[in-house]
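In what follows, a structure is listed as structure tokens, so that the remarks can point back to it.
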């Protein structure tokens with residue numbers, strides 16, 4: 001629809017002015033230097049809603065250049081409406097190529113998932129973060145939670161986990177499971193499933209976290225220790241998919257979406273990472289030949 | 001094929017945009033004129049320029065047209081536009097004491113120098129639907145209004161001199177401390193914020209705050225048990241001149257024109273200063289446009305944030321992190337986004353907990 | 001504990017002022033006698049030049065009416081509010097020579113978690129009322145580096161058993177407990193990491209007499225079994241007489257009399273102490 005003049009003509013390359021991009025990159029460098037530490041930054045208003053990925057978008061736009069290939073996913077899916085919307089915006093104000101193949105991308109912006117294929121040293125994964133503060137649910141005040149981090153006073157969040165075990169027999173956190181970055185800062189990995197959390201540990205790639213509304217940037221640089229919080233006798237557990245496989249590609253080693261077929265009255269599963277699923281099917285077809 | 005998860009996102013978005021256009025224009029004889037919105041939806045435009053922090057009434061009217069009248073969405077459009085604009089120059093400090101006043105009232109003193117001016121307000125108009133507006137002829141109506149207006153109130157011939165501010169009169173009598181010297185102003189659109197934030201950041205955040213949210217919070221602060229009933233020392237609405245330093249000669253300024261603002265100064269209970277003086281505490285509110293309730297709410301909240309107390313409105317994180325329309329709207333509405341992964345993860349935890357609970361019960365039965 | 005022994009806790013010239021202070025009250029000699037209130041700026045000197053020693057295994061009483069500054073004293077020692085000036089050293093901490101008031105926030109937290117336990121008059125300050133009793137103890141154990149749930153629960157059970165809380169109530173929140181039980185949970189939390197020093201601020205105030213007696217018994221037993229040094233703050237000379245070897249009498253922020261408890265009770269020197277003792281008889 002030719003409603004708008006192309007953004008490229010009315011806005012700076014990659015939307016933000018160069019001064020803003022530079023400032024965001026400076027905050028990002030600091031974040032990389034202190035794994036898991038939340039660096040405050042002057043988050044800009046973006047043309048998408050606060051809480052809809054503005055933090056991730058600002059990171060992407062501050063980093064992206066013509067040589068990049070971009071992949072955007074939401075819930076693991078390239079074709080999810082919000083992923084498409086963000087991808088369209090970046091395309092409209094840059095000249096970058098886009099892809100749905102995680103291995104082809106240099107920059108991946110994601111909400112709620114890490115792709116199944118490990119991130120390489122020449123790739124950056126940018127997360128959209130709603131609540132960057134892992135201590136928020138035990139300490140509502142920013143002023144105080146900053147002190148707790150500075151003093152590494154984490155007994156409050158551990159107590160929360162202990163109480164969970166007392167009450168439920170296990171830790172009841174679903175996604176966004178808190179972890180310790182390089183034995184120093186507890187950080188929120190954004191609402192990725194527990195299944196994805198081990199992918200951050202001693203990884204090759206760079207992981208950047210942007211929280212636009214909360215105005216924080218943090219990072220897990222390559223080869224950082226990432227330890228999910230767990231007691232010695234109540235170890236960390238990922239989601240259970242025993243006996244389940246993707247009904248499209250047959251994978252048994254990927255995070256699965258649970259779907260319900262009303263007509264057939266049965267539950268079935270398929271890969272949440274749609275790019276990975278497609279590749280598996282293509283490989284399967286080649287083998288079939 | 002049975003159920004299909006989100007696919008066809010691209011197509012879906014384009015269809016949604018088209019349907020939006022259809023609903024916006026269906027049954028319309030002619031499209032809304034942006035200028036008509038700007039001139040005749042004055043309070044709506046004022047609200048949008050105030051909440052977006054961009055004094056651009058015509059752009060605000062355009063945003064309102066595009067947003068089909070949703071002020072939160074219009075303020076959001078303007079904010080996003082604003083954040084891409086170059087910052088070329090900083091204006092000199094505006095002196096509201098030099099305001100070209102169109103309205104000015106004081107609830108503290110009956111007789112203020114320069115007198116009270118009721119000006120344009122619906123405060124004392126009965127809220128009865130005026131059905132004659134259905135068939136109104138603008139030029140004829142305007143002419144009739146001008147004929148009925150007393151001569152001294154005719155906006156075309158009104159040349160009032162600036163009025164001294166009530167707060168300045170109180171200061172002259174030693175009832176109010178002099179204003180703080182300005183030092184280290186932050187720019188909330190450019191500088192990162194860390195709590196506790198300086199007063200200049202508080203004022204900026206409140207000045208851009210959501211009218212409804214601020215009114216609700218101010219109302220709560222007036223009703224709770226520690227409440228103090230503030231008195232409006234002065235509410236003034238009018239035009240202030242924006243000037244910048246003339247780059248080619250020192251001590252000279254360039255006028256850029258006028259902007260309309262609402263300024264409110266409230267007086268609260270008195271306090272003992274560090275130096276032992278007992279003086280009134282001032283609350284300060286300033287907004288773009290004529291936004292009187294918001295400006296009063298701002299003055300109340302500003303004063304609450306400057307004093308200690310246990311109620312929510314004394315808590316700067318609680319107030320400042322939740323009064324911004326763009327941020328609050330964005331976060332609440334993000335719940336419309338898919339949360340399949342987080343839900344799946346929670347589902348897994350629930351099933352495990354159910355299993356453990358069942359095992360425990362079995363065990364007890366044996 | 002002979003004189004040659006080093007005190008476990010040595011407090012010197014502790015000053016605690018509420019208010020900004022002014023030229024007049026910065027020198028406490030200038031305050032009118034019998035007052036902690038600066039007539040010039042309105043500041044209050046809650047603790048005015050307090051010095052004392054506390055030895056291992058000893059219970060030192062601090063007695064005085066409300067407003068005498070005794071609660072401010074223990075709260076300052078537990079870092080709940082900063083002191084205005086003065087020093088405190090702990091013999092077992094860093095070989096003792098460091099003024100703990102000048103330590104970093106992290107070090108202060110270490111001292112609070114490992115070297116001192118605090119029991120407040122109001123259990124709502126000392127406990128997280130909506131967490132389980134076991135969880136309240138667990139928080140201290142976790143802070144000391146214990147990350148094994150089974151070990152935490154077994155230690156918490158021991159501690160609760162010690163203060164006679166039924167183990168079946170370990171997973172209940174103290175908000176549902178009686179006042180006496182809440183105080184006992186608070187004591188078990190304070191003891192979690194076996195601190196050598198315990199601070200007790202009016203812990204029996206407001207409890208029924210029979211409940212009081214049980215709590216006092218418990219305190220004596222803890223002293224006997226662990227040789228914990230304790231600072232017992234009370235307005236009640238009866239409590240002081242029952243527990244304390246030595247006593248310090250505070251009035252208007254000053255220490256007006258100090259010595260062996262028996263001696264103070266039998267032969268009070270200061271007129272205020274005489275008044276206190278007579279009211280007890």
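Nothing in this text is a laboratory measurement; each read-out follows from the coordinates by a stated rule. Small disclaimer: the values here were computed from a predicted structure and weren't measured. We place every Cβ from the backbone using ideal geometry, glycine too, and count neighbours over all the protein chains shown.
In table form, for the structure just shown:
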read-out: Counting DSSP beta bridges with both ends in chain A, the antiparallel % (nearest 5); value: 60 percent
read-out: Between the stretch B:141-217 and the stretch C:66-84, the Cα center-to-center distance that results, in Å; value: 45 Å
read-out: Bridge type composition, the protein assembly as shown - antiparallel percent by DSSP, nearest 5; value: 65 percent
read-out: Simple label model, 7 Å out from Cα along Cβ direction - residue B:244 to residue C:5, nm; value: 7.8 nm
read-out: Mean Cβ count within 10 Å, highest first, over the residues of peptides B:326-335, A:41-50; value: A:41-50, B:326-335
read-out: Estimated FRET transfer efficiency when R0 is 35 angstrom, pair residue B:115-residue B:85 (beta carbons, to 0.05); value: 0.30
read-out: Interatomic Cα distance distribution for the stretch A:172-247, bins of 5 angstrom, percent; value: 3, 14, 23, 24, 16, 11, 6, 2, 0
read-out: Nearest-0.05 FRET efficiency for residue B:254 and residue C:105, computed from C-beta distance (R0 51 Å); value: 0.50
read-out: Protection-proxy order for peptides B:291-302, A:103-114, A:140-151, each taking the mean of Cβ atoms within 10 Å per residue, highest first; value: B:291-302, A:103-114, A:140-151
read-out: Peptide C:125-134 - average C-beta neighbours from other chains (10 Å radius); value: 2
read-out: The stretch A:1-108, relative contact order [Cα under 8 Å, separation at least 6], %; value: 30 percent
read-out: Averaged over A:138-149, number of beta-carbon atoms from partner chains that fall within 10 Å; value: 2
read-out: FRET efficiency, residue C:65 to residue B:293 (Cβ-Cβ, R0 56 Å, nearest 0.05); value: 0.60
read-out: Other protein chain Cβ atoms within 10 Å, averaged over every residue that makes up A:78-89; value: 5
read-out: Length-normalised contact order of chain B in % [C-alpha pairs under 8 Å, at least 6 apart]; value: 18 percent
read-out: Packing-based order for C:27-37, A:74-84, using average beta carbon neighbours within 10 Å, highest first; value: A:74-84, C:27-37
read-out: Residue C:225 paired with residue A:266, simple spin-label distance in nm, labels 7 Å along Cα-to-beta-carbon; value: 6.2 nm
read-out: Cut-off 11 Å, label 7 Å out along Cα→Cβ of residue A:104, residues of the stretch A:45-75 by amide N; value: A:69-71
read-out: Inter-label distance for residue B:107 and residue C:49, nm, one decimal - labels placed 7 Å from Cα along Cα-to-Cβ; value: 5.4 nm
read-out: Span from the the stretch A:223-268 Cα centroid across to the the stretch B:53-91 one, whole angstrom; value: 45 Å
